[in-house]
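First the structure, in the form of structure tokens, and then the observations on it.
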Amino acid sequence: MSHSSRAKTTRLRRAFAAAAVTPLLAIAACGDGGSDALDSGSGEGGEVVIAHQQYTEMEIMAEMYAALLEDAGFDPTLQGVETRDLYIEPLGNGEVDVVPDYASSMTETLNREINGAEVDPVSSPDVDETITQLEEFGSEKGVTPLEPAEAENANAYAVTSEFSEQNDVTSLSDLGELGEPIALAAAPDCPDRPDCQLGLKSVYDIEVANFEPLGFGTVQTKEALESGEVELGQVGTSDGSLESLDLVVLEDDKDWQNAENLTPVVNSDFLADNPEVEEALNKLSDALTTEDLMSLNAQVDVERLLAEDVATDYLENEGLLG
């Protein structure tokens with residue numbers, strides 16, 4: 001599929017989303033997908049269906065996967081969905097072939113799928129241990145993780161640069177040692193999460209005096225930080241807008257947060273039939289850093305460039321195509 005064809009696919013995907021069509025129904029209606037649909041595409045490797053969550057970072061990742069697999073001879077189709085849950089079953093049964101995801105988040109999703117909603121988490125800050133656990137769960141669900149990138153979008157906490165400078169705070173330990181109660185803006189479930197308010201207290205002795213449920217990395221959370229409504233905001237480590245907003249991420253100096261490295265996850269049968277997929281996608285994992293990811297996100301969110309163009313430019317500049 002050409003650059004213009006993938007642009008057309010992107011436009012069609014947005015049209016489907018605007019019409020509130022259940023995204024994966026479109027895949028099922030076109031065929032079984034996965035290894036059963038390999039002969040239906042125009043590329044030498046056949047069709048490959050790439051599903052992704054519909055926000056900037058994952059749109060960029062999916063576009064990079066599509067370009068790499070197209071370069072390897074496949075005919076990629078991109079399919080956006082609102083949440084990870086919508087592609088878990090199709091990925092396992094072969095309606096979807098590849099997804100970009102995060103190491104710990106995908107691990108815990110499969111953990112709950114297999115062991116129930118109330119199961120204890122098993123992922124950790126160690127990406128290798130987390131991927132090993134993901135491989136075990138994946139073997140039960142028919143999916144295989146490939147090589148994780150150094151790039152990750154981990155749970156993080158930001159302050160304004162003014163607050164950081166005035167209080168000499170650059171890490172979460174510094175904030176805890178400041179000894180002052182703070183106001184926090186974060187996801188609504190933060191007060192009950194060990195990786196959010198509970199952990200801020202137990203790991204770093206940070207007392208949250210006021211909580212605002214404004215969301216994870218949302219515009220509202222960042223605006224609350226900028227205005228001084230809160231001192232601390234929950235964001236992602238790869239958020240490309242933070243620098244332009246004069247916000248800084250405090251270092252997680254006690255290695256508290258779980259590894260959320262970007263990881264390709266592939267239908268196991270599809271991978272067995274197409275082992276060249278691993279080589280194609282691992283090239284990106286070998287190159288992509290968190291700093292790269294922040295820059296890519298900023299190009300889309302701040303500079304308003306197209307995700308497809310940003311993805312292709314990065315791959316070409318890194319020598320990953322051709």
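Of all helices (runs of 4 or more DSSP H) completely enclosed by region 263-322, which ones contain at least 3 residues that are without any contact (Cβ under 8 Å) to a residue 12 or more places away in the chain and either of a type in the set (Asp, Glu) or touching a strand residue (DSSP E or B) at 6+ places or on another chain (Cβ under 9 Å) (or both)?
307-317
Of all residues in region 198-257, how many are in a strand (DSSP E or B), touching a residue at least 60 places away in the same chain (Cβ under 8 Å) and either surrounded by fewer than 20 Cβ atoms within 10 Å (Cβ to Cβ) or of a type in the set (A, V, I, L, M, F, W, C) (or both)?
Matching residues across region 198-257 total 6.
Of the conditions (1) surrounded by fewer than 15 Cβ atoms within 10 Å (Cβ to Cβ); (2) closer than 23 Å to Leu110 by Cβ; (3) touching a residue at least 40 places away in the same chain (Cβ under 8 Å); (4) in the same structural domain as Gln220 (by TED's automatic domain parsing), Ser139 clears all except one; give me its number.
So the condition that Ser139 fails would be (4).
Based on what the data block shows, is Val99 assigned by TED's automatic domain parsing to the domain that holds Val300, crowded, with 21+ Cβ neighbours inside 10 Å and either on the phi > 0 side of the Ramachandran plot or in contact with a His (Cβ under 7 Å, 6 or more places away or on another chain) (or both)?
When the stated conditions are applied, Val99 passes them.
Could you please find all residues in region 241-288 being hydroxyl-bearing (Ser, Thr, Tyr) and either in the same structural domain as Met58 (by TED's automatic domain parsing) or under 22 Å from Ser139 (Cβ atoms) (or both)?
Once the filter is applied, which keeps residues that are hydroxyl-bearing (Ser, Thr, Tyr) and either in the same structural domain as Met58 (by TED's automatic domain parsing) or under 22 Å from Ser139 (Cβ atoms) (or both), region 241-288 yields Thr263, Ser268, Ser285.
Here is a list of conditions, (1) in a strand (DSSP E or B); (2) modelled with pLDDT under 90, and Ala26 meets all of them except one; can you say which number that is?
(1)
Among the residues of region 161-168, are any among the charged types (D, E, K, R), more than 24 Å from Ala280 (Cβ to Cβ) and not assigned by TED's automatic domain parsing to the domain that holds Glu243?
no
Need at least 1 residues that are at pLDDT 95 or above and among the charged types (D, E, K, R) per element, so show me which strands (runs of 3 or more DSSP E) inside region 93-175 make the cut, counting only ones lying wholly within it.
By residue number, 98-102.
The values are calculated or read from the model by the stated rules, or taken from the named source; none is laboratory data. Here the structure is a predicted model, which is why all the values come from computation and not from measurement. Here Cβ is always computed from backbone atoms with ideal geometry, including for glycine, and neighbour counts include all displayed protein chains.
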